[in-house]
Each structure stands twice: as structure tokens, then as C-alpha cells.
Amino acid sequence: MRFLLVHPAFLGDTVFLGPAVRALKARWPGSEVALVVSPRGEAVARRMPGVDEVFVFDKRRTDAGLRGILRLGARLRAFAPDVALVSHPSARSGSVAWLSRAPRRIGYSPFCNDRVALDRGRPFVERSLALAERVGAPTGDRRLALEPPGELAGYANEVLRGARRPVVGIVPGAEWATKRWGEERYADLARRLGATGATILVLGGPSERDMAGAIAGRSGVAVIDSTGNSIAEALALLARCDLVVGGDTGLVHCARALGRPTVLLFGPTDPGRHVLGERERVVRVDLECSPCHDHGPERCPLGHHRCMTDLSATDVERQARALLAAGTEPGAGARTIE
């Protein structure tokens, strides 16, 4: 059996496919599983247990337009999937599955010959798991999982050389501005944790470089700025963190999949859309207007953004310290990364 999972969207969306991939492998151990993902999801897809092949669909640039999707279709037909699972609801994703010529196409999109109604109230991992279940795969394991990029161990060692533990990763950015806590609040948190010996590591893309600089300047503590590196390099660093703090965004969900203790800051989006583990803590403000959006709007519909601005640095610090304490071995003191 050959399975094709189609979801060329955000980084976090790729992470959420993991349980469905493992479910297919559990039911058909000798099967081949391929993913169609966006460029930002490639590094994650290649480090996801159970994935045999990755097809990158750059729908905004190199694969934009009819020619691009036809090129992808030819590559998918060479893979010759028996079943396509389309967890992304767009017509474009459905057409990708149709062009693969998979005899059975199950999903939330047009062009699926076994179309399923999308329940947006379900956790994200369950949306793809439900499609795998429709084929006959078991759906009990909903954990996220990624393998750290071992080939980048030297890179991580160099970035963190001499860093004192615990290493606290801060992810200040998010695709949508309404999911960002704000550099001044992250700086306050960095100051509190850094003052007691933690090493602060800021992670993110090129657009977060100014945020990282502001956090370093306002916190008054030493900050390692890794913003602007590749997703794979960020994964290597996340795997070394003792704790990761950030909003409802892709790199934070990568940290969860890597098994890192995580404090998640939720505002416009619903924490109920995620299946959280014992070492994952949510901090949010109880407001009548929150949550208000599936992924986060471009701006607060009411203009006040209180779901994020009212989040207390004291509350975030409390959860962070609780997770750090839970992960500390009795009698262990501060350690330095060689």
C-alpha cells in the first residue's frame, strides 16, 4: 500500500500529521507514506517517524499556477499512491490528490471521491487521524513526534557552547500578529529567568530578528539570538532546550513534538484544538471574546488585543519554573554545555 497525505500549509499543520502517519504504519507496517507539504514544512516532514517520501509544493512561488501543479502531479503519479488523504480543505489540495490518480481520495476538499465534512471543533491531530481511521488505521495514539536532526548536532553545540543550563527557548513570533505576546513581555520573562542563571535562546525566522534584538536590549541579560536560521537548524536547537516558551505557532509545536517541556501562550485561538501532554502548560486569559478564530485573525476584531496583552509575565514565569523544577534531577546544580 502507498499512502499520500496532502496538507501544504503552515509549519504547525505539518507537525500535526504525525499521528496519522504512525497510525497508517501501525496498520500496514510495510506501506509507504508520502507527504505533500509547503517549503516551510519540509524539514519537519523529513524528520517525522514513518514518512518515506516528501513532496514539496511551493504553491506561492516556484509551483504557482497551472504549470506548477501539473509538474507536481507528474511526480505524484510516479509515486503511484493507492490512497490519498487530504486533510487541507482547499480545492487546490484536492486537485493535487486528483492529479496523483490515487484510486481512493479521502478528505475535506473538493475532488475527493470519499469526501468528509470538516469538523473545525476537533483538535488538529484528530482531523487527519479521522481520515486514516476511515481507511482502517487505529487512532489511539495522538502524540506529536519528531526526530532531532542528528546531522546538525555540531551546529547546535557551537551555538550553545558555554551556555549554562537550563536553556530556555523563547519563540516570540507567529504568523499572525494577534498571536504574539510582545517583545517587552518576553523581555520581562527573559530578565526574570536569566537573573537566576537560565540561558535565554531566541528562535524564529528572519522577520523575528528585530524582536530578538529588542528582547536582548530590554531584558538586560545575555541572550543567544538564533533567529534567521533554517527550520532544520531551529529543530536542532529546540531539541537542546530544557524549556520552550511561545505562542500558538509552528516552532512551539515542533518543540512539543521533540518532547521539550513547553509553556504555550494562547489568545485568539483555542487550546482545546490541541492534545496536550503532561509537560505542556497553557497560559491564557479568560475573556468572553476569546477564542475568536481558528488560526488567529490579522487584527483583534474588538481592537483591544487583551487576550495577549493581559497575559501576566508572573503567570508565565510560574508555569515555566514549575516545568523546570519537574525536569531537574535531585541534587543537580547548574551545568554548562561544553
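The values are calculated or read from the model by the stated rules, or taken from the named source; none is laboratory data. Please read these numbers as outputs of a predicted model, since none were measured by experiment. Heads up, the Cβs are rebuilt from the backbone with ideal geometry, glycines too, and the neighbour counts pull from every protein chain shown. With ligands, DNA and RNA removed, areas are computed over all heavy atoms of the protein, side chains included. Shrake-Rupley method; radii C 1.70, N 1.55, O 1.52, S 1.80 Å.
Some values worked out for this structure:
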{"item": "Criterion violated by residue 94 - all others in (1) outside any loop (DSSP other than H, G, I, E, B); (2) at pLDDT below 95; (3) open to solvent by less than 50 Å² (accessible area, probe 1.4 Å) satisfied", "result": "(2)"}
{"item": "Subset of segment 51-75 [surrounded by fewer than 16 Cβ atoms within 10 Å (Cβ to Cβ) and among the β-branched types (Val, Ile, Thr)]", "result": "62"}
{"item": "Pairs, first on the phi < 0 side of the Ramachandran plot in segment 107-130, second open to solvent by 40 Å² or more (accessible area, probe 1.4 Å) and modelled with pLDDT under 95, C-beta under 6 Å, six or more apart", "result": "129/139"}
{"item": "Candidates 119, 141, filtered to the one that is of a type outside the set (A, V, I, L, M), under 21 Å from residue 294 (Cα atoms) and in a loop (DSSP other than H, G, I, E, B)", "result": "119"}
{"item": "Matching option when the condition is out of contact with any strand residue (DSSP E or B) (no Cβ under 7 Å at 6 or more places or on another chain) and modelled with pLDDT of 95 or more, among 250, 296", "result": "250"}
{"item": "Failed item in (1) more than 19 Å from the chain's Cα centre (by Cα); (2) under 26 Å from residue 274 (Cβ atoms); (3) assigned to a helix (DSSP H, G or I), with residue 106 passing the rest", "result": "(3)"}
{"item": "Residue count, segment 195-212 (criterion: part of a helix (DSSP H, G or I) and over 15 Å from residue 246 (Cα atoms))", "result": "4"}
{"item": "Any pair with Cβ under 8 angstrom, 6 or more apart, that starts in segment 181-194 at a residue that is within 18 Å of residue 264 (Cβ to Cβ) and outside any helix (DSSP H, G or I) and ends at one that is of a type in the set (S, T, N, Q) and open to solvent by 10 Å² or more (accessible area, probe 1.4 Å)", "result": "182/309"}
{"item": "Filter result (open to solvent by 30 Å² or more (accessible area, probe 1.4 Å), part of a loop (DSSP other than H, G, I, E, B) and within 16 Å of residue 145 (Cβ to Cβ)) within segment 1-49", "result": "46, 47, 49"}
{"item": "Inter-residue pairs, beta-carbon under 7 Å, first basic (Lys, Arg) and in segment 46-58, second outside any loop (DSSP other than H, G, I, E, B) and surrounded by 17 or more Cβ atoms within 10 Å (Cβ to Cβ), 6+ apart", "result": "46/54; 47/235"}
{"item": "Those residues of segment 105-114 which are among the aromatic types (Phe, Trp, Tyr) and open to solvent by 80 Å² or more (accessible area, probe 1.4 Å), in sequence order", "result": "111"}
{"item": "Some residue of segment 69-88 being basic (Lys, Arg), assigned to a helix (DSSP H, G or I) and either at pLDDT below 95 or within 24 Å of the chain's Cα centre (by Cα) (or both)", "result": "no"}
{"item": "Options 256, 273; residue that is surrounded by 23 or more Cβ atoms within 10 Å (Cβ to Cβ), among the basic types (Lys, Arg) and under 17 Å from the mean Cα position of the chain (by Cα)", "result": "256"}
{"item": "Residue satisfying condition, being open to solvent by less than 20 Å² (accessible area, probe 1.4 Å) and out of contact with any Ser or Thr (no Cβ under 8 Å at 6 or more places or on another chain), within set 102, 117, 78", "result": "102"}
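Residues are listed down the side, and each one gets a yes or a no for (1) closer than 25 Å to residue 311 by Cβ; (2) open to solvent by less than 20 Å² (accessible area, probe 1.4 Å):
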site: 141; (1), (2): no, no
site: 166; (1), (2): yes, no
site: 172; (1), (2): yes, yes
site: 190; (1), (2): yes, yes
